[in-house]
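The values are calculated or read from the model by the stated rules, or taken from the named source; none is laboratory data. Fair warning: this is a prediction, and the values are worked out from it, not measured in the lab. Positions of Cβ are backbone-derived with ideal geometry, glycine not excepted, and every protein chain shown enters the neighbour counts. Note: areas computed on protein heavy atoms with side chains; ligands, DNA, RNA excluded. Shrake-Rupley method; radii C 1.70, N 1.55, O 1.52, S 1.80 Å.
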Amino acid sequence: MAYTTVNKSTAHFNTKLYTGNAGTQAITGIGFQPDLIWTKARNSVSSNLWYDPVRGVHKYIRSDKTNAEGTATNTLISFDSDGFTVGDGDNGNASGANGVAWNWKAGGAGSANTDGSINSTVSANTTAGFSIVTYTGTGANATVGHGLGTAPKFIVTKCRSDTSDWMVYYGDATDFLKLNTTVATEDLSTVWNDTSPTNTVFSLGNNGDVNTNGRTMVAYCFAEKTGYSKFGSYTGNGSTDGTFVYTGFKPAWFMTKKINADGEAWNIQDNTRSPINPVTNELIANGNNAEYTSGSRGDFLSNGFKLRTTSGGYNNNSSTYVYMAFGQSIVGSNNIPATAR
């Protein structure tokens, strides 16, 4: 019996590879009109660029930088019914560039939301548990509506109008991470106001990176959906027979970050760049590095990710890691742990 509302994972998330042509190019075959497009050139030094229709088609932010939102008419040109169109700007479309685009479906351009003490604009896909939220900070403790109908477990926020860190909520209302850095988890009550998200809102303190008065902000909110997405933590064992991370589906995309010590990147694997096990092709969210092809990092299995490395970025003994995972295939109830049946 099915136990997920996500009948086809590729209708909500997909990875697309393409070769740059230094001109206008339609990237097709994604299977839906994407709302969050995250692009990276694989074979050259270039930034991780994020686009969404709530902020506007020509607006980009870079997860490896603290820069304010940029505007360019020759990077992303349009969101299309089966993909997107790019120009000759800095978006992985240089001649001969090997580009990757990770694509999520939200709910289009967005609509007004008044659930929080701060009004927001929300583009939500409640089926897949993903929303894009824009709001203007007040500088005082506040709540912001996210439109998901269930509490998000992972939130990434970025100030659009000024320099700032990318602040990450990962299920701990008292702590935060920074997507643009390699630093360990930090604890400030002024970020999430020491309050967990609810089914309608997430909470903010007066921290300048999430809630400066008058500054415009964007938040990407992810709620967990059984059989499609999983956000959690694991403890490394320092062995090539590494920790098994149960997700309940075969991962299509997996990002992990060591949180108990500084120095490790946000490492990204996907089943399109590494279509067979072991998974080897690595990009990082917080750096502009070209793709690194390592030895085995792990295996994508039918119900999770099995680590096969002693690398500090994935599997130090006794270290704690957080992860995000999205599925490439839905598994049946036989893969639900016995304790959850």
Checklist line | Residues satisfying the stated conditions in the range 59-92, i.e. aliphatic (A, V, I, L, M), within 21 Å of the chain's Cα centre (by Cα) and in a loop (DSSP other than H, G, I, E, B) | finding: A68
Margin query: Taking the condition of being buried (at least 19 other Cβ atoms within 10 Å of the Cβ) and closer than 30 Å to G208 by Cβ, how many residues in the range 66-88 meet it?
Written below: 2
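For every residue, the table says whether it meets (1) outside any loop (DSSP other than H, G, I, E, B); (2) under 15 Å from T127 (Cβ atoms); (3) open to solvent by 20 Å² or more (accessible area, probe 1.4 Å).
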site: A26; (1), (2), (3): yes, no, yes
site: I30; (1), (2), (3): no, no, no
site: S47; (1), (2), (3): no, no, no
site: V57; (1), (2), (3): no, no, yes
Checklist line | Selected residue (only one of P34, P53 is in a loop (DSSP other than H, G, I, E, B), closer than 23 Å to K158 by Cβ and open to solvent by less than 10 Å² (accessible area, probe 1.4 Å)) | finding: P34
Check: From the set of residues in the range 224-240 that are part of a strand (DSSP E or B) and out of contact with any Lys or Arg (no Cβ under 7 Å at 6 or more places or on another chain), which is surrounded by the most Cβ atoms within 10 Å (Cβ to Cβ)?
Finding: S229
Item checked: Search result, residues across the range 11-24 that are more than 16 Å from the chain's Cα centre (by Cα) and more than 12 Å from R273 (Cα to Cα) -> A11, T19, G20, N21, A22, G23, T24
Next item on the list: Could you grab me the full set of residues in the range 54-88 that are in contact (Cβ under 8 Å) with a residue 60 or more places away in the chain and among the hydrophobic types (A, V, I, L, M, F, W, C)?
Entry: V54, I61, A68, V86
Check: Out of the range 304-330, which residues are outside any strand (DSSP E or B), out of contact with any Asp or Glu (no Cβ under 7 Å at 6 or more places or on another chain) and buried (at least 18 other Cβ atoms within 10 Å of the Cβ)?
Finding: T309, S311, Y314, N315, N316, S319
Item checked: Tally of residues being open to solvent by 10 Å² or more (accessible area, probe 1.4 Å) and outside any loop (DSSP other than H, G, I, E, B) across the range 143-156 -> 1
Next item on the list: Pick out the one residue from T256, T247, T243 that is of a type outside the set (D, E), over 17 Å from the mean Cα position of the chain (by Cα), open to solvent by less than 40 Å² (accessible area, probe 1.4 Å) and modelled with pLDDT of 95 or more.
Entry: T243
Notebook entry, point to check: Can you name the condition, by its number, that T127 falls short on among (1) over 21 Å from T212 (Cβ atoms); (2) β-branched (V, I, T); (3) in a strand (DSSP E or B)?
Noted result: (3)
Notebook entry, point to check: What number of residues in the range 261-303 are surrounded by fewer than 22 Cβ atoms within 10 Å (Cβ to Cβ) and of a type in the set (D, E, K, R)?
Noted result: 5
Margin query: Name the residue that is most open to solvent (accessible area, probe 1.4 Å), counting only residues in the range 170-214 that are in contact with a helix residue (DSSP H, G or I) (Cβ under 8 Å, 6 or more places away or on another chain), farther than 27 Å from S229 by Cα and in contact (Cβ under 8 Å) with a residue 60 or more places away in the chain.
Written below: N206
Next item on the list: Among residues belonging to the range 105-132 that are hydrophobic (A, V, I, L, M, F, W, C) and surrounded by fewer than 23 Cβ atoms within 10 Å (Cβ to Cβ), point out the one that is nearest to L49 (Cα to Cα).
Entry: A109
